[in-house]
Amino acid sequence: RLAGVLRKLGGGDHALAAEAYFFEYVSELVTRTIDRYQERTRAQVEATATDMFLKLIRDPEGYQGIRIGRNYSVDLVGQRGPSMKTSEGGRQLIALSLIGALKLAAVRGGPVVLDSPLARLDREHRENVLNSWVPELGSQAILLVQSGELTEDQARAIMGNRIGQAYRIYRPNDDPEEA
């Protein structure tokens, strides 16, 4: 292929033409490789997020899963088609599923740190998150929960010995500046 291109150039500098062609070829190759990697990763995150979501909800038969578009838009797909509407709690479960899937797809590991991850969820979904979602994240998950989300006793009853460390932040005089 290179020889054919060089023949068409005629009397020009063949070394310069070969170098230009080579760099154009490498640029196209790198672009296609990145595109394939992005698509493969998008599909992997979509499949993992769907699996996580279906484990967290009450009625997995009512959903096909989560779809991530080429522009990275996120839709909840029901049995009747895409773009299902859902509650704030449902959106929270979708977000947690995406966070978990991105964590698992990451090249480098690390802890997941979430503030108020259970706030919009009822007790059953909170238990599903703590029993199903948190263990899939790996060995480090830091959840900053409010007392209205989960009490210490509830956390211990649900998670048992999977709690590595628990801290309580006290606010003397109800002043957040003095926490």
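The values are calculated or read from the model by the stated rules, or taken from the named source; none is laboratory data. Keep in mind that what you see is a predicted model, and the values were worked out from it rather than measured. For neighbour counting, all protein chains shown are included, and Cβ atoms are generated from backbone atoms with ideal geometry for every residue, glycine included. Quick note on the areas: whole protein, heavy atoms, side chains included, nothing else; ligands and nucleic acids left out. Shrake-Rupley method; radii C 1.70, N 1.55, O 1.52, S 1.80 Å.
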Collect the residues in the stretch 68-89 that are surrounded by 14 or more Cβ atoms within 10 Å (Cβ to Cβ), outside any strand (DSSP E or B) and out of contact with any His (no Cβ under 8 Å at 6 or more places or on another chain), keeping them in residue-number order. Met84, Thr86
Count of residues meeting criterion [part of a helix (DSSP H, G or I) and within 27 Å of Ile94 (Cβ to Cβ)] in the stretch 126-159: 16
So Leu114 ticks every box in (1) outside any loop (DSSP other than H, G, I, E, B); (2) modelled with pLDDT under 90; (3) under 24 Å from Thr48 (Cα atoms); (4) hydrophobic (A, V, I, L, M, F, W, C) but one. Which box is left unticked? (2)
Selected residue (only one of Glu149, Glu127, Glu136 is without any contact (Cβ under 8 Å) to a residue 40 or more places away in the chain, among the acidic types (Asp, Glu) and either open to solvent by 40 Å² or more (accessible area, probe 1.4 Å) or within 27 Å of Tyr37 (Cα to Cα) (or both)): Glu127
Considering (1) under 26 Å from Trp133 (Cα atoms); (2) at pLDDT 90 or above, say which one Val30 fails and leave the rest. (1)
Given the criterion among the aliphatic types (A, V, I, L, M), closer than 15 Å to Thr50 by Cα and without any contact (Cβ under 8 Å) to a residue 60 or more places away in the chain, identify the matching residue among Ile99, Ile163. Ile99
Any residue at all in the stretch 27-34 that's open to solvent by 90 Å² or more (accessible area, probe 1.4 Å), outside any strand (DSSP E or B) and within 24 Å of Leu118 (Cα to Cα)? no
Go through the stretch 58-96 and give me each residue that's in contact with a strand residue (DSSP E or B) (Cβ under 7 Å, 6 or more places away or on another chain) and either of a type in the set (A, V, I, L, M, F, W, C) or within 22 Å of Ile142 (Cβ to Cβ) (or both). Ile66, Ile68, Val74, Leu76, Val77, Met84, Ile94
